1. Pick from Val61, Val91: which is at pLDDT 95 or above, part of a helix (DSSP H, G or I) and farther than 21 Å from Met25 by Cα?
2. Would you confirm, using the coordinates I've provided, whether Thr18 is loosely packed, with under 15 Cβ neighbours inside 10 Å and assigned to a helix (DSSP H, G or I)?
3. Has the range 37-55 got at least one residue that is outside any helix (DSSP H, G or I) and either surrounded by 13 or more Cβ atoms within 10 Å (Cβ to Cβ) or of a type outside the set (D, E, K, R) (or both)?
4. List the number of the failed condition for Ala20; all other conditions in (1) closer than 19 Å to Met134 by Cβ; (2) at pLDDT 95 or above hold.
5. Of the residues that sit in the range 67-78 and are surrounded by fewer than 22 Cβ atoms within 10 Å (Cβ to Cβ) and among the hydrophobic types (A, V, I, L, M, F, W, C), which one is modelled with the lowest pLDDT?
6. Which of the following residues is farther than 20 Å from Leu30 by Cβ and out of contact with any helix residue (DSSP H, G or I) (no Cβ under 6 Å at 6 or more places or on another chain): Leu74, Leu51, Leu66?
7. Quick test of your reading of the structure: Ala131 fulfils all but one of (1) surrounded by 14 or more Cβ atoms within 10 Å (Cβ to Cβ); (2) farther than 23 Å from Ser14 by Cα; (3) among the small types (Gly, Ala, Ser). Name the failing condition by number.
8. Which number in (1) modelled with pLDDT under 95; (2) under 17 Å from Leu128 (Cβ atoms) marks the one condition that His110 misses?
Amino acid sequence: MIDAEPRLIHRHLSFGWTLAACFLMLGLALEMLHGFKIQWYLAMANETRRLLWSLAHAHGVLLGLLNVVYALSLRSFPVRGSRLELVSGLVIAGSICLPSGFLLGGIVVHGGDPNLFIVLSPIGGALLAIAMPMVAYSFIQRK
C-alpha cells in the first residue's frame, strides 16, 4: 500500500492551477475578440469555432479546479492504494485531452465541422470517466 505522496498532491495542485490559469486567459482572449467585434471570430460562418473555443475555456477551467480539489482531497483525507499513480495519470491526461480537443478542433473548421483534433475530447472524457469512479472508490474504501 502506498500513502498519498506529497509529490502527487503537489503535481495536481500545480497542474490544476496552471490549467485553470491558462484556460481563464483563453476566456479573456475570447471576450476581447467578442468585445472588439473581430469578424474572424464573430462571423456566422465561425459559429462552430466560437462554440468549440467556449467549450475549451469552460472545460479547461473546470478541470483545472477538479485537479486542485483532487489534490486537496488527497491532502485532507489520505488514501491508501496501489493505483494512485494510475489514477493521477488518468486525471491529468483526461484534463489535457478534453479541453485541448475542443481548442485544437476549432482552429480550422471545414464546413461547420471541427478538424480531426476533436477526437481528443472524447478520449479525454473517457479517461476521466475511468478515473472518477476509481477516485470515488478509493475514498469510499478509505479507513
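The values are calculated or read from the model by the stated rules, or taken from the named source; none is laboratory data. All values derive from a computational prediction rather than experimental measurement. A quick note on method: Cβ atoms are made from the backbone with ideal geometry, for glycine too, and the neighbour counts reach across all protein chains shown.
1. Result of the check over Val61, Val91: Val91.
2. yes
3. Yes: one or more hits.
4. (1)
5. Per the criteria, the residue is Phe77.
6. On the way: Leu74 fails: out of contact with any helix residue (DSSP H, G or I) (no Cβ under 6 Å at 6 or more places or on another chain); Leu51 fails: farther than 20 Å from Leu30 by Cβ.
Only one candidate passes the filter, namely Leu66.
7. (2)
8. (2) is the only condition that His110 fails.
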